[in-house]
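The values are calculated or read from the model by the stated rules, or taken from the named source; none is laboratory data. These figures come from a predicted structure and were not determined experimentally. Cβ placement follows ideal geometry from the backbone for every residue including glycine, while neighbour counts extend to all protein chains displayed.
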Amino acid sequence: MLDLTARQAAEAATIWSVAATQLDQVSVDSGHGHQHVFLDTDPHEGALTPDGAAEGTGG
């Protein structure tokens, strides 16, 4: 059961990261610039991290 829970938690963090990246792109495309919404996770879990652009830039 713990193994399943750990896998589901890692998958949820990855899904969150993908959705946050899409939200960031929608914000840039609509002229509002970067909006970094990400979930802090263990860097070894494969979740995405924010890019180096400053908030509100690129809009």
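Taking each residue of segment 1-20 that is under 19 Å from His34 (Cα atoms) and looking for partners that are modelled with pLDDT under 90 and among the aromatic types (Phe, Trp, Tyr) with beta-carbon atoms closer than 9 Å, six or more apart or interchain, yields Trp16/Phe38; Ser17/Phe38; Ala20/Phe38. Every listed requirement among (1) surrounded by 11 or more Cβ atoms within 10 Å (Cβ to Cβ); (2) more than 14 Å from Gly58 (Cα to Cα); (3) of a type in the set (A, V, I, L, M, F, W, C) is met by Leu2 save one, (1).
Within segment 25-49, residues that are under 17 Å from Thr14 (Cβ atoms) and at pLDDT below 65 have Cβ atoms under 8 Å from residues that are small (Gly, Ala, Ser) and part of a loop (DSSP other than H, G, I, E, B) in these pairs: Thr41/Ala47, counting only partners at least 6 apart in sequence or on another chain.
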